[in-house]
Amino acid sequence: MPPLVYILTPWLAALCWLDIRYRRLPNWLTLGGAAVALTAWLGAFGWRAMLFDSLLGGVLCGLLLLLPFIMKAAGGGDVKMLFAVGCAMGSRHVLGVLLCVSLAGMLLGTGMFVFGLVDRRRIKHYARCAFDWRYDRVAGRADLPPKNHEKSRVPFGVAIAAGVWAQLFLNLGVR
């Protein structure tokens, strides 16, 4: 197995546990992971690879969640975790990581929806905000449960970790 699996697995497992348990992804783990990844790329391959492979991969991955973050549909910890993952994986694996993370997120959201672990009113509100220009967002927001309510928050860090593991096992030749 590539050494990346041994490095990323405990980090991803810790982030998953914190996201499931507390719905938090602490900065010291997300940004710390990005710093470790950038430092490893610098030490292994030099400045050029760190800037144009690792940092570019982090920025591209982080951009995926930037719009949902601005719309308050994703948390800042998720954006920082995806940035750190992009820094660790490099720009060559960005598309595969984003595809695997998106599929894992879709499966996680669908599973939580089917088993009643997510509030259906919030999903309906976000869908109407995105697709119905006539929808009164202020009145719709007033009917929603509080944001810190357990059913209104999906632990997307779990989907990010699952997508990274899938990418590691599919593309990096781990068998």
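What to note about this one:
Conditions (1) of a type in the set (Lys, Arg); (2) at pLDDT below 95, marked per residue:
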| position | (1), (2) |
| --- | --- |
| Thr9 | no, yes |
| Leu12 | no, no |
| Arg21 | yes, yes |
| Ala40 | no, yes |
| Ala73 | no, yes |
| Ser91 | no, yes |
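- Members of segment 8-19 that are surrounded by fewer than 18 Cβ atoms within 10 Å (Cβ to Cβ) and free of Cβ contacts under 8 Å to residues at least 24 places away in the same chain: Pro10, Ala14, Trp17
- For segment 36-55, the criterion of being among the hydroxyl-bearing types (Ser, Thr, Tyr), within 12 Å of Ala84 (Cα to Cα), in contact with a Phe, Trp or Tyr (Cβ under 9 Å, 6 or more places away or on another chain) and in contact (Cβ under 8 Å) with a residue 12 or more places away in the chain is satisfied by at least one residue.
- Only residues that are of a type outside the set (D, E, K, R) and either in contact with a Lys or Arg (Cβ under 8 Å, 6 or more places away or on another chain) or not in a helix (DSSP H, G or I) (or both) were counted in segment 1-34, giving 9.
- Test: residue in segment 48-62 that is modelled with pLDDT of 90 or more and closer than 17 Å to Val158 by Cβ: yes
- The listed residue being free of Cβ contacts under 8 Å to residues at least 60 places away in the same chain and under 18 Å from Phe156 (Cβ atoms), out of Ala104, Ala139, Ala130: Ala130
- Flag for Ala73 being in contact (Cβ under 8 Å) with a residue 24 or more places away in the chain, at negative phi and either assigned to a helix (DSSP H, G or I) or not acidic (Asp, Glu) (or both): yes
The values are calculated or read from the model by the stated rules, or taken from the named source; none is laboratory data. Because the structure is predicted, anything quoted here is derived from the model rather than measured. Cβ coordinates were reconstructed from backbone atoms using ideal geometry, including for glycine residues, and neighbour counts include every protein chain displayed.
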